[in-house]
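Input: a single structure, listed below in structure tokens.
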DNA sequence: GTGCAAACTTGCACGTAGTGTAAAAAAATG
DNA sequence: CATTTTTTTACACTACGTGCAAGTTTGCAC
């Protein structure tokens, strides 16, 4: 065979095994998504996915521990990218701003398209809720790790609570922004829709940074930000 | 038969069938907890639980959809009580204070003892993580419902985001406080330990109310400083 | 190339999960 | 007691997830 490519774009050598594994992995998720589109959530088995991906049932379970896990890889890759963006931010930047910036970088069609499709296809199905929650929680742990590095937590101090609560809240607000966006726009990936997503993410982080005090959340009828036009929903 | 008790504390008549159902339900969770203690998480089957509870395997699945669900009933009852406490708070009270007060009411041995035991027994097991996340998320939905009632959300307005983000953050902070408490004190239910739990809950809500801006969260029930303007926009 | 060791895939088998179904048992009702 | 309704139970069935022992592919050295 020819020598390993000298024009490798990444440091690690992409061996044949790695490529094959990545290819089958992708084939599995593609097959799972296709079945999700055609048959709907919960109406197809692991054997069907494996069959459609051209592998055996046993091999499917070598890659994913369940059918849900195969679908959730979409969420995992998105959140993985988010964490990478977060780690790129300067360490001296406040965590909230870093989170906001990291989320901004992902509010483009390429990144959110698979996520949006998965969301719309499994919107009212409790089947995905499970693995989805796990994915978000996994992301929370990553944010926790990043935050802990920056805050330099003292072993027995009260910083533990600070970092835990901050990481969880950041995830919750990001989740909230996405939920609102999906409920408003569905799978709409137009530039205006994505702009709205970005604004929602900004607003959510701002709410968190302001301690949810930006508006008097008593029963007072006073409204905030008189929202120019667009009463149509 | 004897007439329905006139001293019934609840409006609904506790018929024989209701009592039996409640008894078997309790027997199942007791059996599941006992097996969890003796065999450890993941090392017992649904049939064993049913056997130990004196019922058939099929009946077990009539009550719970999985072994995890049987264990998670502990978490559900705790969170159910928390929600009830939350609903008891006056509607004009800020949500953060209501949440704090509701959690205070549950920081007593009676309520947290089963939760603490379940936590310590399944601490490093991914088996419970699943249903536990679901339980928390279910609680989040309840908090969301309460918050939406109070905030009087306008259909197309930005209040959706506010309520979603607030409910999620409150849950995250409550979760964070409990996680820190468990990691510090384990299953310690002494008065000092519970006092620390209460303080952690207070601090967590204070952090949220202060927008994670003040790092001096060693204070007691002090008022937080009003949050400055939101980050650059 | 040949040979070898490591990895990956595959088929098989096994225990378990969860559900549909119909019959039996128990409780409410007349 | 006879009934009607609800609950439990036994049975069967599909699917899940995993251990195991093959077979197959890849990497590496010679």
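The set of residues from segment A:191-233 being part of a loop (DSSP other than H, G, I, E, B) and modelled with pLDDT of 90 or more comprises A:210, A:211, A:212.
Listed here are the helices (runs of 4 or more DSSP H) enclosed by segment A:12-106 that have at least 3 residues being away from DNA strand C (no atom under 11 Å from the Cβ): A:16-39, A:46-53, A:67-88, A:95-105.
If you scan segment A:96-111, which residues turn out to be closer than 22 Å to residue A:141 by Cβ and under 12 Å from the mean Cα position of the chain (by Cα)? Those that are closer than 22 Å to residue A:141 by Cβ and under 12 Å from the mean Cα position of the chain (by Cα): A:102, A:103, A:106, A:111.
If the condition is being assigned to a helix (DSSP H, G or I) and either more than 9 Å from chain A (Cβ to nearest Cβ) or touching a strand residue (DSSP E or B) at 6+ places or on another chain (Cβ under 6 Å) (or both), then segment B:132-153 contributes B:132, B:135, B:138, B:139, B:141, B:142, B:143, B:144, B:145, B:146, B:148, B:149. Pairs meeting the criteria (first residue in segment A:8-37 and under 18 Å from residue A:69 (Cβ atoms), second residue modelled with pLDDT of 90 or more and within 10 Å of DNA strand C (Cβ to nearest atom), beta carbons under 6 Å, at least 6 apart or on different chains) are A:25/A:63; A:27/A:53; A:28/A:53; A:28/A:63; A:31/A:53. Checking every residue in segment B:94-106 against the condition of being within 14 Å of chain A (Cβ to nearest Cβ) and within 15 Å of DNA strand D (Cβ to nearest atom) gives zero matches.
The values are calculated or read from the model by the stated rules, or taken from the named source; none is laboratory data. Keep in mind that this is a model prediction, so the values were computed, not measured. Note that we place each Cβ from the backbone using ideal geometry, even for glycine, and neighbour counts take in every protein chain shown.
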